[in-house]
Amino acid sequence: MTPATASQTAGPYWHMIDFPAWADLLRADGPNAGAAGERITLAGVITDGAGAVVPDAMVELWQADPKGSYDGAFHGFGRCATDAQGRFCFMTLKPGAVPGPGNSTQAPHITLTIFARGLMSGLVTRAYFAGDARLAEDPILARVPEMRRGTLIAKPTGQGEWRLDIRLQGEGETVFLTV
Amino acid sequence: MVDPIPFRPVAPGSQPPLDLPSYRSTAHRHPSQPPLRMPTTLTEASAPSFTPAWYAPHDDLSVVDGKQALGERMIVAGRVTDENGRPVAGAMVEVWQANAAGRYHHARDQHDAPLDPNFHGEGRVFTDAEGRYSFTTIKPGAYPWRNPGPGWRPQHIHFGLHGNGFAQRLITQMYFPGDPLLAFDAIFQGSGDDAAKRRLIADLDPELMRPDWALGYRFDIVLRGRAATPFENA
């Protein structure tokens with residue numbers, strides 16, 4: 001067996017593969033134009049261990065469709081650069097619940113991956129939705145110490161608007177996931 | 001519902017640490033807590049389907065508007081397989097790099113090397129059924145960066161890959177054989193064990209060269225593989 005190729009930082013110039021339109025999964029000339037579902041935005045600010053915003057991160061989004069399927073009919077991929085204030089913002093459809101290990105059900109969630117200068121590999125986390133009754137049964141959240149669970153739960157800030165800030169290091173550090 | 005086949009655990013020594021003191025930018029950006037291990041679910045086992053229809057391929061970086069970029073023209077090609085040696089077909093491969101003088105076509109790159117109007121340095125290709133990819137470009141230059149030490153990055157090309165499971169997502173860098181700057185580069189040296197570092201260095205490959213036209217470098221890439229047996233639910 002040959003082990004996987006080592007990850008390397010995306011560096012400060014990854015914007016050469018930044019296509020700002022990709023942050024809007026529902027863009028009129030994109031693969032999901034006209035897709036039906038609840039339109040939402042998912043936004044947040046990324047900060048580092050010194051409390052400084054991270055203005056040069058690449059955030060990638062991966063999610064199921066509104067029925068909880070990854071069958072590809074909905075192209076659940078997006079990419080967004082953080083701005084000078086460390087902010088990212090995606091426009092998408094709210095995903096449905098996804099089958100989990102055994103007979104469990106994963107509450108609706110969006111996977112976020114962060115790449116940046118100073119990150120030797122991507123950091124993977126999830127955004128769940130506050131107030132969803134299925135959070136209590138989610139098999140992944142159940143593995144997260146209760147004190148830190150909140151770092152994975154986006155909060156509503158308006159109609160269809162959700163916010164999840166990401167802290168790379170230190171107090172309130174986001175829970176990052178690995179398989 | 002049958003659980004997806006889990007990915008193999010990361011092989012010891014094959015990946016860099018997030019906390020790498022020799023690479024100064026990691027200081028405030030690496031998480032202080034280890035990542036939470038979780039089973040492979042449908043979310044990690046599935047992956048976006050990137051089709052050329054929506055993601056237009058661009059496999060020749062060496063020409064802009066019919067005009068040749070400055071530098072050593074070269075073909076970079078290789079195979080993308082998983083840890084089990086199986087080809088990864090239909091993988092989207094994104095590349096970006098500096099020009100021959102070591103300058104990126106990027107507003108934030110303030111290195112006072114010249115820009116080349118005939119070189120942008122960004123490409124996108126897809127693997128075929130055998131996992132093969134290929135693109136044409138020019139050899140990037142080394143460039144200075146603000147990190148303790150000799151402070152010049154070795155010549156490299158950035159690669160981003162999406163496989164057939166989101167857990168295979170990889171961003172890495174390809175280096176060149178015999179580059180003396182490799183010995184001093186915090187990012188390359190921090191990649192993992194010697195075998196991990198060796199895998200990041202392309203091979204000059206006579207078979208890929210085109211006489212009187214281009215050099216050829218082979219860079220094979222391995223993405224995470226799935227375990228042989230299904231995950232046992234604890």
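The values are calculated or read from the model by the stated rules, or taken from the named source; none is laboratory data. As the structure is a computational prediction, the values presented were derived from the model and not from experiment. Note that each Cβ is placed from the backbone with ideal geometry, even for glycine, and that neighbours are counted across all protein chains shown. What goes into the accessible areas is simple: the full protein's heavy atoms, side chains included, and nothing from ligands, DNA or RNA. Shrake-Rupley method; radii C 1.70, N 1.55, O 1.52, S 1.80 Å.
For this structure, a couple of remarks:
- With θ taken as phi - 60° and the Karplus curve 6.51 cos²θ - 1.76 cosθ + 1.60 applied, the whole-hertz 3J(HN,Hα) list for the stretch B:5-16 is 5, x, 7, 4, x, 4, 5, x, x, 8, 10, x Hz, x standing for glycine and proline.
- Partners of A:Lys155 within straight-line reach, counting aspartates and glutamates whose Cα lies under 15 Å from its Cα and excluding those fewer than 8 residues away in the same chain: A:Asp132, A:Asp165.
- Shielding of B:166-177 by partner chains, average beta-carbon count, 10 Å: 5
- 3J(HN,Hα) couplings calculated from phi for the stretch A:48-63 with the Karplus curve 6.51 cos²θ - 1.76 cosθ + 1.60 (θ = phi - 60°) are, in sequence order, 9, x, 9, x, 7, 6, 9, x, 10, 8, 9, 10, 10, 10, 9, 8 Hz; Gly and Pro show x.
- Computed from Cα atoms alone, the Kirkwood hydrodynamic radius reported for the stretch A:23-108 is 14.1 Å.
- Close amide-amide hydrogen proximity is noted between B:Gly90 and B:Thr127, B:Asp128, B:Gly131, each under 5 Å apart and 5 or more residues distant or on a separate chain (H modeled in the peptide plane; Pro and chain starts excluded).
- Among B:Ile201, B:Ile187, B:Ile157, the largest mean-square fluctuation in a Gaussian network model of chain B, built with springs joining Cα atoms closer than 10 Å, belongs to B:Ile187.
- Cross-link reach is defined here as a Cα-Cα straight distance under 12 Å, omitting same-chain residues fewer than 8 places apart; for A:Lys67 the aspartates and glutamates meeting it are A:Glu38.
- Percent of Cα pairs exceeding the 36 Å cut-off, where the set is the protein assembly as shown: 22 percent
- Whole-Hz ³J(HN,Hα) from phi, Karplus 6.51 cos²θ - 1.76 cosθ + 1.60, for the stretch B:51-68, glycine and proline x: 9, x, 4, 9, 10, 4, x, 8, 10, 10, 8, 7, 9, 10, 6, x, 10, 6
- Ratio Rg/Rh, restricted to the stretch B:55-223 and using Cα atoms, in which Rh is the Kirkwood radius: 0.95
- Heavy-atom accessible area ranking, 1.4 Å probe, most first, across A:Arg39, B:Arg224: A:Arg39, B:Arg224
- A simple charge model with +1 on the Cβ of Lys and Arg, -1 on the Cβ of Asp and Glu and nothing else charged puts the dipole of chain B at about 440 debye relative to its Cα centre.
- Selected from B:Gln33, B:Leu200, B:Ile171, residue furthest toward positive end of dipole (chain B; charges at beta carbon): B:Gln33
- Qualifying trypsin sites (Lys or Arg not before Pro) for the stretch A:49-108 [loop in DSSP, other Cβ within 10 Å: at most 15]: A:Lys67
- Reachable aspartates and glutamates from B:Lys197, criterion Cα separation under 16 angstrom, eight or more residues apart if same chain: B:Asp179, B:Asp185, B:Asp220
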